[in-house]
Amino acid sequence: MKNYYKTKIISIFFAFIIFLSNTLTVFASDIDNNAKKTFRVGMECGYAPYNWTQPNNKNGAVPIFESSDYANGYDVIMAKRIADELNLKLEIVKLDWDSLVPALQSGTVDALIAGQSTTANRKKMVDFTEPYYYASVVVLVNADSKFAKAKGISDLSHASATSQLNTFWYDIALPQIPNVNKLSAQESASTMLAALDAKKVDLVVTDLPTAKSALAAYKNFKILDFTGNNDNFHISNEETNIAISVKKGDTELKNAINTVLAKMDKNDYDRIMDQAISAQASTLPNSFIQRIIYILDGYGFSFLRGAGVTMLIALVSTILGCIIGFAVGVIQATPTSKHDPIIKRVLLFIIKLILNIYVEFFRGTPMMVQAMFIYFGSAALFNFNMSMWFASFFIVSINTGAYMAETIRGGILSIDPGQVEGAKAIGMTHVQTMIYVIIPQTFRNILPQISNNLIINIKDTCVLSVIGTVELFYVTKGIAGALYTYFESFTIVIAIYFILTFTCSKILRHLESKLDGPDNYDLATTDTLAHTSGLYKYSESPKEEGL
Amino acid sequence: MDNNTENNIVLEIKHLSKTFGKNPILKDINFNVHKSDVTCIIGSSGSGKSTLLRCINLLEFPTSGEILYNGDEITSNKTNEASYRSKVGMVFQNFNLFNNMTILQNCMIGQIKVLKKDVETSKKNAIYYLEKVGMAPYINAKPRQLSGGQKQRIAIARALAMEPDVLLFDEPTSALDPQMVNDVLNVMKKLANEGLTMIIVTHEMAFAKDVANNIIFMANGFIVEEGHPSEIFVNPKNPLTKDFLGRFINNE
Ligand SMILES: Nc1ncnc2c1ncn2[C@@H]1O[C@H](COP(=O)(O)OP(=O)(O)OP(=O)(O)O)[C@@H](O)[C@H]1O
Ligand SMILES: [Mg+2]
């Protein structure tokens, strides 16, 4: 059903990488033939009732790869059945919707069981199995709406309507309503439902499973299903057929999955879908506060873990980034004079040029795009499957480093040149001058900038959700998608983000004043008679490094 | 101090010149500094006094000419620049104390990192020289907490703690209030009496007359006249010197 055109651009990009990789790499293949072969399945884990994230293994949920959460839903039930029948070890990989096809193409996952409709566009990029679900299109309205009694889509004329971005619900079905007031599309199913609940729109167009599970969260909604009526949406099978996709040319896996699907029929699918919908949390309380408590009760630990991951990535990456930034900034600020040997000048010129390219490249491209490029690109181009953790730390550190390098270069240049001359005049070398005099002063001066960067990193780690890092934002999207409690989940997470950034900024402010030392000094006392050196008492012992 | 034997010469400046871009700032400078000499360089603003001092310390690189330190040519040998500077220290008009360190640390860092002395010895030494300039009680203060005169005395102690052969001073008192000037000049007088070799750029004529045993008068990048204060101040030969000193005598 979802039909993202963005995915196409990303896919062309990855197709390019794959083309490169074919000319470059000799692939090492089939490492583990000893144990059961793994069946890596990609899905969003945030698209109920097809797939969602939950904190425990209730109702037969499956652990998510490199996460402590579990996945459940129609797709998970189907994935389990296929893995069982084919005697494979199932691994569920949580991926952003936009990353699904690239992940499949790069070989990060073997198959996508993600509620994808078999659109023509998508068929160009992946191979589809036979459908494993048929999703009819329905309309959701508020039960007290004047449209609640509609008998066909012509009764809905002049209604304001929306749906989810880049889906055929929005692109093909919705415009069929006569004189419809088509509002801009919503980013996800949860935001679309939140818009209907807030009465920003009269109706939303979606499919039956989504509508059914929405009723669990929004008791005030009503489903209008015009199936069998002539006055209904006219949608091709291509759109309503939901199928599993495999990498283009992977006929072996495709045929294996088809043999499993052949043993089931439409009734089996509907039964499994109902099973999934009832497994989805259906006991949501009604009031806002109670829902917040309900979410915190069920998913509080998930939020905490997400916050922990966010803080870990932000802190470690800010520190690593500062180290990179200092190294680069110090080199960039190294002066050359024409009295230096020519080799030193040429070498320094080349190093500076490379560092300059690094800084400009990473500052000049979005971190989200870099994340996709590095994470999936490394798998496709070099057959190097870097762990999501490594990728996360790497991307944020290298970005922070690029920003810090410029700050630090500027910070070094802004230190009074007299400090360098003072150090030179007592015979210190350039390196000693940097380490003991310039860098400590630069560090103090740019500390506000470092704390700024930490706060930016706490917030910006959310872009890592595109590669499936289980940081706070990603966790929240999963919870919002699982329960259709968009507003409540994001109320919680905005509070968490604020607490994190506010605490960090206070701690760093405290560190700043700590570094400045006391405002006044104590005169050292001396024994009135003994004027010999070394009899002064110090209020604090001087540090050797002079920092 | 009239002993001119070769082995007594610490610094020998030969045909030194310096151009910035196309501007010649120093032109064929020649003079010698003997052990325990106090050489005062005087001259009007822009005459190149600071540039000369900075060339001697290699903070600026001479365009041509030679600087011999204990007979060794030092401008051609870049590698020993740092160790040369630890022997020929410099005190600046703007003190240039390390802002990130306490007074004690300022006086210790060079000893530890450059001379590789251990912490205890460095500390004792630092305090010895801080006592000498009357700043020992301030060891725990940071530079920003002190007055200009105090900072300059600490800068002198920092340079002394390196136990240099020669100490260069570039207008050490011109950033100071009149009442602080004497504190610093008294310290310098004391050092002169103890036999420290010093080259001092100064506008304090009374001090120069009193302390120096050699006066160098510069104008337009040249050394116009050089000699003992009793000659230069009493009986200047060059009209430029007369003119310059005339202003000083009138001021007194
Ligand atoms: N880095 C530089 N680049 C270009 N010109 C310079 C530089 N440093 C000094 N000069 C020029 O050299 C000339 C001599 O400067 P210098 O500082 O040596 O004079 P000075 O005798 O110390 O003067 P003052 O008594 O005012 O300190 C001045 O005209 C100055 O503009
Ligand atoms: Mg000057």
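Rounded to the nearest 20 debye, the dipole magnitude of segment B:155-215 is 100 debye, with +1 charges on Lys and Arg beta carbons, -1 on Asp and Glu beta carbons, and the Cα centre as origin. With unit charges on the beta carbons (Lys and Arg positive, Asp and Glu negative) and the dipole taken about the Cα centre of chain B, which residue among B:17, B:155, B:30 sits farthest to the positive side? Checked the options; the winner is B:155.
Looking only at the protein assembly as shown, where both bridge partners belong to it, what percent of the DSSP beta bridges are antiparallel (to the nearest 5)? All intermediate terms of the calculation are to be shown ahead of the outcome.
On the way: 46 of 79 bridges.
Rounded to the nearest five, the antiparallel share is 60 percent.
Taking loop as defined by DSSP and a crowding limit of 12 other beta carbons within 10 Å, which trypsin sites (Lys or Arg not before Pro) in segment B:55-125 fit? Let's see the in-between values first.
Details: sites: B:78, B:85, B:87, B:113, B:116, B:117, B:123, B:124; in loops: B:116, B:117.
Taking segment B:55-125 and a limit of 12 other Cβ atoms within 10 Å, the loop trypsin sites (Lys or Arg not before Pro) found are B:116.
In a reduced charge model with +1 at each Lys and Arg Cβ and -1 at each Asp and Glu Cβ, the protein assembly as shown shows a dipole moment near 820 debye about its Cα centre.
Over 32 Å between Cα atoms: which of A:514/B:189; A:94/A:219; A:352/B:124; A:80/A:146; A:222/A:477 fall into that group?
On the way: A:514/B:189 40 Å; A:94/A:219 29 Å; A:352/B:124 43 Å; A:80/A:146 43 Å; A:222/A:477 25 Å.
Beyond 32 Å: A:514/B:189; A:352/B:124; A:80/A:146.
Step by step: find N for segment A:140-226, compute 2.2 N^0.38 Å, then divide the Cα radius of gyration by it. What's the final number? Segment A:140-226 yields a ratio of 0.95.
Please state, as a whole number in µm²/s, the translational diffusion coefficient that the Stokes-Einstein equation yields for segment A:64-163 at 37 °C and 0.692 mPa s, with Rh defined as the Kirkwood radius across alpha carbon pairs. Spell out each step's value before the answer.
Values: Rh = 16.9 Å.
My calculation gives 194 µm²/s for D.
Could you tell me whether chain A comes out rounded, prolate or oblate from its Cα gyration tensor? Rule is a ≥ b ≥ c as square roots of the eigenvalues, rounded for a/c under 1.5, then prolate if a/b exceeds b/c, otherwise oblate.
Values: a/c = 2.58, a/b = 1.92, b/c = 1.34.
Judged from the Cα gyration tensor, chain A comes out prolate (a/c at least 1.5, a/b above b/c).
Between A:308, A:203, A:230, the Cα set farthest toward the positive side of the dipole of the protein assembly as shown (charges on each charged residue's Cβ, about the Cα centre) is that of A:230. Using +1 at the Cβ of each Lys and Arg and -1 at the Cβ of each Asp and Glu in chain B, identify which of B:216, B:140, B:43 lies farthest towards the dipole's positive end. Result: B:140. For residue B:168, the shell of other residues with beta-carbons less than 14 Å away shows a net charge of 0, using +1 for Lys and Arg and -1 for Asp and Glu.
If you keep only loop residues by DSSP, which trypsin sites (Lys or Arg not before Pro) in segment A:292-361 have at most 13 other Cβ atoms within 10 Å of their Cβ? Before the final figure, lay out each step's value.
Working: sites: A:305, A:338, A:344, A:345, A:352; in loops: A:338.
The qualifying sites are A:338.
Residue A:428: net charge of surrounding residues, Cβ under 12 Å, Lys/Arg +1, Asp/Glu -1, itself excluded? Don't skip to the answer; put the middle values down first.
Working: positive: A:424, B:85, B:113, B:158; negative: A:421, B:81.
Net of charged neighbours comes to +2.
For segment A:329-424, a simple Cβ point-charge model (Lys and Arg +1, Asp and Glu -1, everything else neutral) yields a dipole of about 240 debye relative to the Cα centre.
Mean separation of Cα pairs under 8 Å and 6 or more residues apart, divided by the residue count, gives chain A a relative contact order of 18 percent.
In a DSSP loop and with at most 16 other Cβ atoms within 10 Å, the trypsin sites (Lys or Arg not before Pro) in segment A:175-282 are A:199, A:200, A:219, A:248, A:263.
Only the coordinates and a few stated rules stand behind these numbers; no lab work does. Quick caveat, the model's predicted, so the values are computed rather than measured. Cβ: placed from backbone, ideal geometry, glycine included. Neighbour counts: every protein chain shown.
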